[in-house]
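Data block below; observations after.
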Amino acid sequence: MSNLIGKVVRIDGEGVAPAIAAALPEVAAQITAQWQCSRASSTKTSELRVLYPNESVPIAALALGEQKEAPKTGPDALPSAQVFLRNESLERTRLAAAKGARALRELGHDEGHQVVEVDSFSSPHAAAVGANLGLWTVNHFKTRGSVPAWGQPLEKQGGRHIQVQSLTGASSDTEKKALRDDGDELSSSGTPLSWYTGEVYARAQNLSRELQETAANLLNPTLFAERISNLFKHVPNTQVIVRDADWAREQRMNLFLSVAQGSDQPCKFVEMHYHGAPDADAAPLALVGKGVTFDSGGISIKPGKGMDLMRADMGGAAAVVATTLAIAQLGLPINLVAVTPLTENMPSGRATKPGDIFEARNGLTVQVDNTDAEGRLILADALSYVSDTFAPHTVIDVATLTGACVIALGDVYSGVFTDTDSLWRELKVAAEAEHDLCWRMPLTDMYLSQISKTNADLVNTGGPSAGSCTAAVFLKQFVHGLENRAEGEPAKVRYAHIDIAGSMEAAANTLNDYQGKGLTGRPVRALIEFARRLAYQA
């Protein structure tokens with residue numbers, strides 16, 4: 001194959017893994033000999049050598065390294081040793097596949113379609129995830145340098161010019177689905193982990209990355225809504241509805257409109273539906289994403305330094321759109337409704353002023369003391385709409401919401417605020433399986449008094465103390481169907497708020513071979529895996 005750049009293979013012990021030796025008998029002995037001559041260590045995780053056997057494409061040989069015993073203690077409740085070690089093995093596969101693919105990318109050329117073949121290591125799913133994430137690059141806006149893609153077709157952008165294939169040669173979706181993970185807990189279900197699922201998960205996270213990295217003038221609310229409609233255009237069992245400001249006024253979404261009124265760009269409210277459950281009327285999972293396509297802070301304007309990063313204040317919307325698309329592409333047997341309010345937050349003569357009071361969709365009045373705490377305002381009306389209109393069994397919102405969450409958790413964990421143990425456990429298990437980590441934070445009415453001491457029912461900021469917690473309890477006030485102890489009403493819905501203000505950008509703690517510097521697209525893989533497991537619960 002003339003467009004084949006090279007192959008990524010696993011080293012076991014002092015030589016190629018048995019499966020590799022069987023697949024590449026003509027060069028297996030040379031790979032082993034060159035590995036040994038290079039003095040590479042097979043016990044070192046992600047040890048890499050790029051080898052050149054005679055009459056062969058370059059070989060990126062990697063060792064997964066030694067796996068130590070499972071820990072006895074940890075910062076949070078540990079899964080069983082078997083699950084912990086499997087998750088660790090999956091992560092080492094992701095890292096190795098990414099490192100090998102990236103090494104071979106440097107040997108490629110700028111023109112034409114290129115291919116990298118990758119071994120499955122310990123998991124076809126994880127290998128496909130790692131390699132595809134590792135090849136991601138932001139070249140969309142460059143006219144020079146390596147593989148510039150400004151004005152180029154989609155297949156040139158984001159590293160798509162290099163295709164990742166399985167070393168087995170699987171090319172069709174059927175063949176990719178047949179490359180299954182042996183240790184998958186849902187191996188007997190209709191959607192087991194495979195090379196195919198790995199590609200879907202990785203493409204979804206890369207889509208979320210791409211949307212977040214796009215400049216605000218190229219992805220305003222109107223353009224974002226158009227992009228969403230085009231993404232779902234040919235996806236079975238899906239429907240996209242784009243609403244405008246007039247519809248929002250009919251819905252009494254005055255908090256959403258209060259943020260939008262300062263911008264010249266018209267706001268949009270996008271609704272995505274996926275009908276995958278056998279029962280078309282079964283209660284759906286609901287996802288809500290914060291979609292501030294640029295956040296200047298409004299009248300409470302932000303400092304200029306680093307404000308360009310506020311192009312990614314729609315990271316929650318990006319994650320929700322990408323997750324919904326992946327769930328539909330996987331054909332999971334669930335119903336799903338996802339919504340995202342899209343707007344800019346800008347200062348102008350029409351912009352909301354600190355101290356202004358608005359009535360929310362659910363009838364509560366809110367005083368806006370800080371116009372830079374706008375995300376919770378647009379989410380409040382969206383949460384009210386989706387929980388009231390569609391009666392979902394579970395509601396999850398995703399938002400780049402608070403600087404306080406960055407201070408608390410940095411770039412390692414997404415903060416999950418929920419008072420439902422079962423929902424937390426399911427999110428935690430899914431996040432650990434994909435190494436898209438989250439940490440439980442308190443969602444309690446004990447913080448409510450901090451945001452209730454104004455002339456209105458609520459105020460949109462509670463001050464510097466427990467900033468992420470007061471934001472979460474603010475959002476809770478707008479979810480219909482939660483437990484009401486005062487009235488003796490049990491919960492009809494499970495709710496979680498995920499704050500990704502820290503995890504949206506890779507910093508010192510999370511940079512690795514599949515996550516380079518920049519915006520991460522998280523928590524897409526965790527949410528897809530959560531939905532996959534949810535779909536097959538008894």
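Residues are listed down the side, and each one gets a yes or a no for (1) farther than 30 Å from Leu364 by Cβ; (2) buried (at least 23 other Cβ atoms within 10 Å of the Cβ); (3) out of contact with any Asp or Glu (no Cβ under 6 Å at 6 or more places or on another chain):
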{"site": "Leu218", "(1), (2), (3)": "yes, no, yes"}
{"site": "Gln239", "(1), (2), (3)": "yes, no, yes"}
{"site": "Val259", "(1), (2), (3)": "no, yes, no"}
{"site": "Pro266", "(1), (2), (3)": "no, no, yes"}
{"site": "Ala283", "(1), (2), (3)": "no, no, yes"}
{"site": "Ile301", "(1), (2), (3)": "no, no, yes"}
{"site": "Ala326", "(1), (2), (3)": "yes, yes, yes"}
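Residue by residue, here is whether (1) surrounded by 24 or more Cβ atoms within 10 Å (Cβ to Cβ); (2) within 12 Å of Gly403 (Cα to Cα); (3) at pLDDT below 95 holds:
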site: Ala466; (1), (2), (3): no, yes, no
site: Gly488; (1), (2), (3): no, no, yes
site: Arg494; (1), (2), (3): no, no, no
site: His497; (1), (2), (3): yes, no, no
site: Ala506; (1), (2), (3): no, no, no
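Only one of the numbered conditions (1) surrounded by 24 or more Cβ atoms within 10 Å (Cβ to Cβ); (2) touching a helix residue (DSSP H, G or I) at 6+ places or on another chain (Cβ under 6 Å) is violated by Ala472, and that is (2).
Against the condition under 17 Å from the mean Cα position of the chain (by Cα) and not basic (Lys, Arg), how does Thr340 come out, does it pass? Yes: the conditions hold for Thr340.
Taking the conditions (1) aliphatic (A, V, I, L, M); (2) more than 17 Å from Thr510 (Cβ to Cβ); (3) surrounded by 15 or more Cβ atoms within 10 Å (Cβ to Cβ) in turn, Ala431 satisfies each one other than (2).
Okay, residues lined up against (1) without any contact (Cβ under 8 Å) to a residue 60 or more places away in the chain; (2) among the hydrophobic types (A, V, I, L, M, F, W, C); (3) surrounded by fewer than 24 Cβ atoms within 10 Å (Cβ to Cβ); (4) in a helix (DSSP H, G or I):
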residue	(1), (2), (3), (4)
Met310	no, yes, yes, yes
Leu336	no, yes, no, no
Pro341	no, no, no, no
Ile357	no, yes, yes, no
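Going by the conditions given, is Gly134 at pLDDT below 95 and not aliphatic (A, V, I, L, M)? Taking the combined requirement at face value, the residue does not satisfy it. Looking only at the stretch 320-330, decide whether some residue is of a type in the set (S, T, N, Q), assigned to a loop (DSSP other than H, G, I, E, B) and either under 17 Å from the mean Cα position of the chain (by Cα) or in the same structural domain as His393 (by TED's automatic domain parsing) (or both). Within the stretch 320-330 (the criterion being of a type in the set (S, T, N, Q), assigned to a loop (DSSP other than H, G, I, E, B) and either under 17 Å from the mean Cα position of the chain (by Cα) or in the same structural domain as His393 (by TED's automatic domain parsing) (or both)), the answer is no, since none of the residues qualifies.
When the residues of the stretch 32-78 are filtered to those that are aliphatic (A, V, I, L, M) and assigned to a loop (DSSP other than H, G, I, E, B), the one that is surrounded by the fewest Cβ atoms within 10 Å (Cβ to Cβ) is Ala77.
The values are calculated or read from the model by the stated rules, or taken from the named source; none is laboratory data. Because the structure is a prediction, the values reported are computed rather than measured. Ideal geometry is used to build each Cβ from the backbone, glycine not excepted, and the neighbour counts take in all protein chains shown.
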